[in-house]
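Remarks on the structure that follows.
The values are calculated or read from the model by the stated rules, or taken from the named source; none is laboratory data. Predicted model, so just to flag it, every value in this text is computed and none were measured. Neighbour counts run over all protein chains shown; Cβ positions are idealised from the backbone, glycine included. Note: accessible area is taken over every heavy atom of the protein model, side chains too, but ligands, DNA and RNA are not part of it. Shrake-Rupley method; radii C 1.70, N 1.55, O 1.52, S 1.80 Å.
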Amino acid sequence: MPVQSTNQATKIPGAGPRTYAIGDLHGRLDLLRLAVQAIADHVGGAPFRVVFLGDYIDRGPESRGVIEFLMDLQKRWPVTCLKGNHEDLMVQAVTHAGLGRLERWLDNGGRATLRSYGLGPQSDLGEGVPREHIRWMAGLPRTTGDGHRIYVHAGVAPGTPIERQNEETFLWIRERFLQARPGSFEAHIVHGHTPVWDGKPNPSEPELLEHRTNLDTGAFATGVLAVAVFDAETPGGPVDLIWIRGEASRTLVMAPEDDEPAAGAPTRRSRLGGWFARRQML
């Protein structure tokens, strides 16, 4: 199926800059290129910025290409790239490979990233992966905001001020965050990290709620990317969505380890992992 982008809504007015938010890419350079072109067509001459929500690597075929494209885009556009848990896994695996860090990364999609660098599990990662790529991933911010919203990879802990939360929460949290009710957060939360769960049975659809927007559409498997458009003067969720559609792979299966880390509740991690594993995309 040819890759194509479709914008299903009209351009929106607004005096302030728009924020275009993009969820987990996981090596889908084809969708990233189309998303950037779609944003350029959509924004016209209005002020704007782009926020990428993390997880640029692993699972999909072109992780290296995604990293290099984003690094170059930051030189040309007002772009904020947030850190995802997969960037953290790769940085830890390359810089401190002991204590099972390499194996954990490989088990969560890292083999696809190695292939994009022309490497294998036995390669010298310190030599095979450009140091500027590791420095870039290691230095990515964890959150950003726009006055009405907080942008973060995985989510935030409900009922806790943002300044009292840590990187582990921003990169890994799931059920405590996903099950929180409206009013639990200081602002509307825009996030990725979870393409499918009990409250989001269709991975290719974003989750648009009063208190949060989930933009992880499982793009590496579904071939669908939803670019959310947020207006600086309008609180809450997106005022527009730009749909990017490309080739889909057959299944969406998430590893049980790709959830809250060991410091969290093991029962939650097991439940979500099992639920992901039994989801099938035809």
Item checked: Å² of accessible area per residue within segment 151-217, as computed with a 1.4 Å probe and no ligands counted -> 37 Å²
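Of all accessible surface on segment 36-81 at a 1.4 Å probe, what whole percent is carbon and sulfur? Present the calculation step by step, with values, prior to reporting the outcome.
Working: 850 of 1710 Å².
Of all accessible area on segment 36-81, carbon and sulfur atoms account for 50 percent.
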Note to self: How large is the Rg to Rh ratio of segment 18-157 when both quantities use alpha carbon positions and Rh follows Kirkwood?
What the structure shows: 0.99
Note to self: Across segment 25-69, what fraction of all alpha-carbon pairs, as a whole percent, falls in each successive 5 Å bin from zero upward?
What the structure shows: 6, 22, 27, 20, 13, 9, 3, 0
Item checked: Cβ crowding within 10 Å averaged over residues, with 48-61, 122-135, 93-106, 176-189 ranked highest first -> 48-61, 176-189, 93-106, 122-135
